[in-house]
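Here's the structure we're looking at; comments come further down.
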Protein chains: 2
Amino acid sequence: MGFREQLQEVCRKVEGAVACSLMGVDGIEVDTHLTEGGEVDFRTLLVEYSGILHSAREAAAANQAGTVSEISISTDKLVAVARVVSSEYFMIIALTPDGNFGKARYYLRVTAPKLLAEL
Amino acid sequence: MGFREQLQEVCRKVEGAVACSLMGVDGIEVDTHLTEGGEVDFRTLLVEYSGILHSAREAAAANQAGTVSEISISTDKLVAVARVVSSEYFMIIALTPDGNFGKARYYLRVTAPKLLAEL
């Protein structure tokens, strides 16, 4: 299964998923599966969120708090969960606020090694 | 119940909790309950994480992604979940990586309005 199919599969399995992406930590997208348009400009938001992931990694490293593996950001319109795939890449899923957060975390965790194997 | 007792109660109820704080969004601590020392300098990390919360709020607002209600950052040493209490304050709990993430989210959600009522 290629990147796109893996991302699509995650969206299919997680209730409320609107998009799933594989991103470089520099904010450059490798591939994205979008399930619907929605009112949020997901691609621009992803670039901003990748900056936040970068800040969190630096903050954790500077405070001997270990290596960041996952970040989630919930707003009243969108829930985003990002999981680190490697030092250079992460995957991120966006859900509606009533989406299945636990399942999103689970499928990111199991899919990240599969994407890593193809990078 | 005062701030400290509320924070202590959250730590008592959530397995793996090491600390719970009420913070200003400017990174200034209102009150903290620490259950143990641990190897992570929790207070310094809090200041950094409050900066991340600030960045996430700006990113979400700039992209019409709504108002941030919750952020979590997981590393191999520490899981932190922050919940917005008001535009000026947030509460944050730190857990061991095997701590109960779902319960942490739940108790932040139910405790935030109680803290707000006392602010």
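Structure values in brief
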item	result
Pairs, first closer than 18 Å to B:Ala82 by Cβ in the stretch A:41-66, second open to solvent by 60 Å² or more (accessible area, probe 1.4 Å) and assigned to a loop (DSSP other than H, G, I, E, B), C-beta under 6 Å, six or more apart	A:Asn63/B:Asp41; A:Ala65/B:Lys77; A:Gly66/B:Asp76; A:Gly66/B:Lys77
Residues of the stretch A:72-95 satisfying the condition of being β-branched (Val, Ile, Thr) and assigned to a strand (DSSP E or B)	A:Ile73, A:Thr75, A:Val79, A:Val81, A:Val84, A:Ile92, A:Ile93
Index of the failed condition, B:Val47 passing every other in (1) more than 14 Å from chain A (Cβ to nearest Cβ); (2) within 14 Å of the chain's Cα centre (by Cα); (3) among the hydrophobic types (A, V, I, L, M, F, W, C)	(1)
Candidates A:Ala19, A:Ala65, A:Ala59, filtered to the one that is in a loop (DSSP other than H, G, I, E, B), among the aliphatic types (A, V, I, L, M), out of contact with any Gly (no Cβ under 7 Å at 6 or more places or on another chain) and surrounded by 15 or more Cβ atoms within 10 Å (Cβ to Cβ)	A:Ala65
Candidate set: the stretch A:38-64, residues that are touching a Ser or Thr at 6+ places or on another chain (Cβ under 9 Å) and of a type in the set (S, T, N, Q); chosen: the one modelled with the lowest pLDDT	A:Asn63
Selection count, the stretch A:61-82, where residues are in contact with a strand residue (DSSP E or B) (Cβ under 8 Å, 6 or more places away or on another chain) and either facing chain B (nearest Cβ under 7 Å) or more than 14 Å from A:Gly16 (Cα to Cα) (or both)	14
Of all residues making up the stretch B:96-119, the number that are among the β-branched types (Val, Ile, Thr) and either free of Cβ contacts under 8 Å to residues at least 40 places away in the same chain or not in a helix (DSSP H, G or I) (or both)	2
Subset of the stretch A:45-56 (residues that are surrounded by fewer than 20 Cβ atoms within 10 Å (Cβ to Cβ) and farther than 16 Å from B:Val68 by Cβ)	A:Val47, A:His54
Residue match in the stretch B:99-107 (condition: more than 17 Å from A:Arg105 (Cβ to Cβ) and buried (at least 21 other Cβ atoms within 10 Å of the Cβ))	yes
Only one of B:Val85, B:Val30 that is more than 13 Å from chain A (Cβ to nearest Cβ), in contact with a strand residue (DSSP E or B) (Cβ under 7 Å, 6 or more places away or on another chain) and surrounded by fewer than 21 Cβ atoms within 10 Å (Cβ to Cβ)	B:Val30
B:Val10 vs. criteria more than 14 Å from chain A (Cβ to nearest Cβ), open to solvent by less than 70 Å² (accessible area, probe 1.4 Å), of a type in the set (Val, Ile, Thr) and under 27 Å from A:Phe90 (Cβ atoms)	no
Count - residues of the stretch A:70-119 that are among the basic types (Lys, Arg) and more than 12 Å from the chain's Cα centre (by Cα)	3
Which numbered condition A:Phe42 fails, given (1) surrounded by 14 or more Cβ atoms within 10 Å (Cβ to Cβ); (2) more than 14 Å from chain B (Cβ to nearest Cβ); (3) of a type outside the set (Lys, Arg)	(2)
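The values are calculated or read from the model by the stated rules, or taken from the named source; none is laboratory data. On a predicted model such as this, the values are computed, not experimentally measured, just so you know. As a convention, Cβ positions derive from the backbone with ideal geometry for all residues, glycine included, and neighbour counts pool all protein chains shown. With ligands, DNA and RNA removed, areas are computed over all heavy atoms of the protein, side chains included. Shrake-Rupley method; radii C 1.70, N 1.55, O 1.52, S 1.80 Å.
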